[in-house]
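The values are calculated or read from the model by the stated rules, or taken from the named source; none is laboratory data. Quick caveat, the model's predicted, so the values are computed rather than measured. Virtual Cβ from ideal backbone geometry, glycine too; neighbours counted across all protein chains shown.
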Amino acid sequence: MAEYVQQNLEGMLPELEELERLGVFSSDEIRTIVRKRREYEYRLQKRIVQKSDFLRYMQYEINLDMLKKKRKSRLGIRRNLQAEHAAMKKIHTLFQEPFMPTVVLGDKCSVAQLTELGKSTCIHTYLWIMAAKWEFEENKNIPNCRSLLQRGLRVNSSSQQLWLEYFRMELLHVEKIHNRRKVLGMSREEGDDAQDEEVTAEFLAGKVPEIVYKKAIEAVPDDINFRVSFIEIYRLFENTEHGCDIIYDSLMKDFPQSEEVWNLKARRPIDDAKAKVKKGTTVITESQWSEFLVEMNKLFYQAVEQVPTEKMWELYITTCMELLTDSFLEQAKGQQERNVLHLFSEAEKAKCLSEDLYKTWVDLLLQTDQPKKALLVCKKGTKQFETSVSLWSEHLRLKVLNKGKIKDIQKEFSTAVQCISSKDSIHLWNLWIEWCIKNNPDEVESVFELSLQSCVDVQIQMKNKYVEWTSSKKGIKKARKLYKRLIEERPYTISFFRKCIDLELMQVEPSAKRVRDLYEAAVDHFGSSHPELWLDYIRLELLHPGGKPDNVGQLYWRATKTLGGKFTEEFVGLYSLLQAGRV
């Protein structure tokens, strides 16, 4: 290992001596460079080399190369140095070396092992991109950059990131050539000879990125979002409309019944205009925005005719709703709101309005100060989606705001909870109780009684609220009568017993006997799995003025016999803490 490291370091001596002789680096800096390289070389000779070891060494050499170029420029050195060639060679070697084990292992592995190995190359995608980026930006070597990306794609042809970076690189290259020719005052037709003229004409027309795209969708044929990524990259560059046309055409050809593709096609006039405005290359007038909107609506109408699905209508309406908040279309907001409201009506006629769209429709009507229409739409929504808690909640809220008759509202609440019999109806029961307390107090008790006939989840919550309301409005005597009845009715919950115990303890002179009776009923049902319940019972006998401390021993014995397994251990521990005064 040491011999190999020393050999590598000795091979670097000529370039380092040249750099010191020309004054690019001082002798101290040369020693530092040698020391750092020795450290990195030793890391690469370990038994198990990490990817991070290569990456750190690569980054160090790249940074060192950039520093050399800056020093060379400052010193006015124009000729190419041996050190520059050596640095380039070293960086190439470092980029290539992590992949060599894959090639060596290829002859030794079974088919199954090679399959797994092929999958693992996905994690190396960024290394190919890093290498290509360095060639493009630092080394200014386009052929090497292109070659690296092509090699990466041969290893992993399904890597979307590699395809997109290859596509982006070719567009950047075209843009650089265009800018250079513009600075030099050269026209597209000017060239060195006829052959260059033909190649340059095709190249400048953007044919290479188009070829990259076609090859990419051959490798990844079924991913719509992947193709959309090419459009987004195209929009970052000038004069790429033809390339975008090719992508849109391929999407329509390969996915003719896809709602997402029709949505992309219909949005194109607006999306293209926004991209140009953001780049600052175009100023679009109000009349032009109106034309784009007309074109967009025309395409969307084609979409809902060709693909008349709920999702297609939802995409259409969602796009229009987004435009309402778009600063680009602020001046046409009023007209756009009317168009969207018309769209909701059309979607409803086509029976393609989802639950979420009904809620969006109601919100828009309320924003445009049309509460009565909103109530009407909400009612239609509850007929279409009878089990929608959110639509029923909004409908009932609007019914109350519109000051409907108490009898009618009471009927609507009754209908709502009948339509939604699951635990989701708890919210509606709470709304009904709150409304009755404020507007129809005589019916509160009957609504509570009705809720006790609903599903178990509703009964559990309503039992507690019923007793609490009765205590606050009708007094503790009525509450006692009620909870004694409810204790005998299923479902049994420990929270209900605790609510009753709390009500008794809140009295001015709480009765120990009544609380004791409640604890006895509670431990009958839940004493086998709730050690804290026994502890609270014992605490009552110890601390309450009417408690019976002599009963504590008996309660302790009953608890240890009733509780099972781990609960007994927990109870014994808690009881010990109680005796020590720590709980």
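Annotations
- Residue within region 87-102 that is at pLDDT 80 or above, farther than 22 Å from Gly152 by Cβ and in the same structural domain as Leu19 (by the TED database) present: no
- Cβ pairs under 8 Å, 6+ apart, first in region 157-170 and without any contact (Cβ under 8 Å) to a residue 12 or more places away in the chain, second among the β-branched types (Val, Ile, Thr) and in a helix (DSSP H, G or I): none
- Check on Glu84, more than 27 Å from Val155 (Cβ to Cβ), surrounded by 12 or more Cβ atoms within 10 Å (Cβ to Cβ), modelled with pLDDT of 85 or more and among the acidic types (Asp, Glu): no
- Yes/no for Glu84 being assigned to a helix (DSSP H, G or I) and in contact with an Asp or Glu (Cβ under 8 Å, 6 or more places away or on another chain): yes
- Members of region 199-232 found to be touching a residue at least 60 places away in the same chain (Cβ under 8 Å) and more than 22 Å from Glu259 (Cα to Cα), listed by number: Ala219
- Count - residues of region 540-561 that are out of contact with any helix residue (DSSP H, G or I) (no Cβ under 7 Å at 6 or more places or on another chain) and of a type outside the set (Asp, Glu): 7
- Within region 438-451, one or more residues are in contact (Cβ under 8 Å) with a residue 12 or more places away in the chain, in contact with a helix residue (DSSP H, G or I) (Cβ under 9 Å, 6 or more places away or on another chain), in a loop (DSSP other than H, G, I, E, B) and over 25 Å from Pro491 (Cα atoms).
- Those helices (runs of 4 or more DSSP H) lying entirely in region 320-405 with at least 1 residues more than 30 Å from Ser422 (Cα to Cα), of a type in the set (D, E, K, R) and without any contact (Cβ under 8 Å) to a residue 12 or more places away in the chain: 333-349
- Check on Val515, in contact (Cβ under 8 Å) with a residue 24 or more places away in the chain and β-branched (Val, Ile, Thr): yes
- Per the listing Trp262, Trp313, the residue uniquely over 23 Å from Phe226 (Cα atoms), aromatic (Phe, Trp, Tyr), part of a helix (DSSP H, G or I) and touching a residue at least 12 places away in the same chain (Cβ under 8 Å) is Trp313.
- Residues within region 25-74 that are at pLDDT below 85 and not in a helix (DSSP H, G or I), tallied: 6
- One residue from Val283, Val277 being assigned to a helix (DSSP H, G or I), more than 17 Å from Leu264 (Cβ to Cβ) and over 27 Å from the mean Cα position of the chain (by Cα): Val277
- Being charged (D, E, K, R), in contact with a helix residue (DSSP H, G or I) (Cβ under 8 Å, 6 or more places away or on another chain), more than 27 Å from Glu310 (Cα to Cα) and at pLDDT below 90 holds for only one residue in Lys423, Lys405, and it is Lys423.
- Near pairs, Cβ below 6 angstrom, 6+ apart or cross-chain, from region 518-535 (farther than 10 Å from Leu563 by Cβ and in contact (Cβ under 8 Å) with a residue 40 or more places away in the chain) to any residue that is surrounded by fewer than 20 Cβ atoms within 10 Å (Cβ to Cβ) and polar (S, T, N, Q): none
- Selected residue [within 22 Å of Glu355 (Cβ to Cβ) and surrounded by fewer than 13 Cβ atoms within 10 Å (Cβ to Cβ)] from Glu310, Glu322, Glu305: Glu322
- Region 276-302 - residue that is crowded, with 18+ Cβ neighbours inside 10 Å and modelled with pLDDT under 90 and, of those, nearest to Gln335 (Cα to Cα): Leu293
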